[in-house]
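These notes are about the structure you will find just below.
The values are calculated or read from the model by the stated rules, or taken from the named source; none is laboratory data. Because the structure is a prediction, the values reported are computed rather than measured. Here the Cβ positions follow ideal geometry from the backbone for every residue, glycine too, while neighbour counts run over all protein chains shown. Keep in mind that these areas ignore ligands, DNA and RNA; they rest on the heavy atoms of the full protein, side chains included. Shrake-Rupley method; radii C 1.70, N 1.55, O 1.52, S 1.80 Å.
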Amino acid sequence: MYSVKTVLAATAAALLALTAPTLTAPAVAAPAAPAAAPRSASSAAPRPCEGSPTCWVDVTVAQVWVSPDQVRPVDAPATTNPADVRGWLAGMSLDERREVAGETQALHGVRVTVDRSEWRDGVLWDHVWVHGQPTPRDQAGRGAYPGWIPDRQLTSERRRPPAGTHEERVARTTARGFSTARAALAGGGSGQIAEYSYNTSFPVEAGPVPGVVTAHSTGGGRVYFRADDLARVPSTRGGADVVAAARAFLGLPYLWSGTSGFGYDCSGLTSQVYSALGVTIPRDAQPQFDAGGVQVPAGSAAGVRITGTADLRPGDIVAFRPATGTGVTHVGIYSGTRNGEPMMINSPRTGDPVTEEPIASSGRVYVGATRFLTR
């Protein structure tokens, strides 16, 4: 997962001269509409999505909702710009976590297609399709997942990154971005911009000091990271890489609709681990299983069906149905055997963290697996 970082030496005077772009806050231009919430400090261009058919996520993590009407007062921190994901999660009881009306989540910089917009209680909402999350629900073949996002969490601005950059993604559960290289090197202080999720992608170039890289946000702002917090997508990967990546999330609380390092649901964990390794698979559990047969949604890699547990290899996505049902409602990542028992890493349910446990102990019925990597 980790790449060799090439860094440039810099004098103390150059370090002191480092500054971030001037940042401003937008207002949504619509009759009788209130001003939008302040935008993410990592964005340099105060232009909301309003009216644009193609936009990008402007917050660290955008919660994608089933409907604006199902957003509760306790969900308010997740609808602002900047979004306070940690505050939102900390403010919910266990029962409130169980009732999150979420479809999925979208990470900073991810492209969305907007097909309609509506005002609800003074807030402009966009119905979007989140690219990179394939689903059979997408009949137009976009390879995208539907839901609602507040317009103020999106931007129509996408600036071309400077020449010489390359893509890297956050390689830790979350990573803090800073407004200056000095703050990034120190790893704290007043220069923190935001906390970004695992698998958030940035155009990156060498930083002005060793141990720091310069990332460029969608709006053109610079964000400085410690070099080992980001990594290139590996050119080769296998099942062992999937297992190693998934183990990094052991202990992370479950979040229905979660696809970020702040909390995953079962298929959010599996899909994001694969995405970070450069393999796009369906967003949800049933389609992940179906992709091992003949039903592969647009934008997804095709898999191979595995039946018995004796044929499993590390990295395979194991699928389960409830004891009284037929559809796949849960998935995990096969991690090998322990004391002769087949094991998996999975995000089980609200109230339980990501765990590595025997397949037989899940309380569900194993129905087979999908293999997306043959190595």
Study note, to complete from the structure: Filtering the stretch 45-99 down to residues that are outside any loop (DSSP other than H, G, I, E, B), closer than 19 Å to ARG111 by Cβ and in contact with a Phe, Trp or Tyr (Cβ under 6 Å, 6 or more places away or on another chain) yields TRP65
Exercise for review: Scan the stretch 306-333 for residues that are buried (at least 17 other Cβ atoms within 10 Å of the Cβ), of a type in the set (A, V, I, L, M) and in a loop (DSSP other than H, G, I, E, B) and jot them down.
Suggested key: LEU312, VAL328
Revision key, fill the gap. Scanning the stretch 339-375 residue by residue, the ones that are surrounded by fewer than 17 Cβ atoms within 10 Å (Cβ to Cβ), within 30 Å of SER235 (Cβ to Cβ) and basic (Lys, Arg) total 1
Review point. Restricting to strands (runs of 3 or more DSSP E) lying wholly in the stretch 180-253: which have 2 or more residues that are closer than 20 Å to ARG86 by Cβ?
Key: 192-197, 222-226
Point to revise | Filter result for the condition that a residue is basic (Lys, Arg) and touching a residue at least 40 places away in the same chain (Cβ under 8 Å), over ARG98, ARG116, ARG137 | key: ARG98
Review point. Can you name the residue in the stretch 122-178 that is of a type in the set (Phe, Trp, Tyr) and in contact with a helix residue (DSSP H, G or I) (Cβ under 9 Å, 6 or more places away or on another chain) and is also farthest from ALA245 (Cα to Cα) among such residues?
Key: TRP125
Exercise for review: Please report, ordered by residue number, the strands (runs of 3 or more DSSP E) entirely within the stretch 108-154 with at least 2 residues that are within 13 Å of VAL57 (Cβ to Cβ) and open to solvent by 10 Å² or more (accessible area, probe 1.4 Å).
Suggested key: 111-120, 123-131
Exercise for review: Please work out which one of (1) open to solvent by 10 Å² or more (accessible area, probe 1.4 Å); (2) farther than 17 Å from ALA240 by Cα; (3) in a strand (DSSP E or B); (4) not hydrophobic (A, V, I, L, M, F, W, C) is the condition GLY336 fails and give its number.
Suggested key: (2)
Review point. What about PHE249, is it touching a residue at least 60 places away in the same chain (Cβ under 8 Å) and either open to solvent by less than 10 Å² (accessible area, probe 1.4 Å) or among the aromatic types (Phe, Trp, Tyr) (or both)?
Key: yes
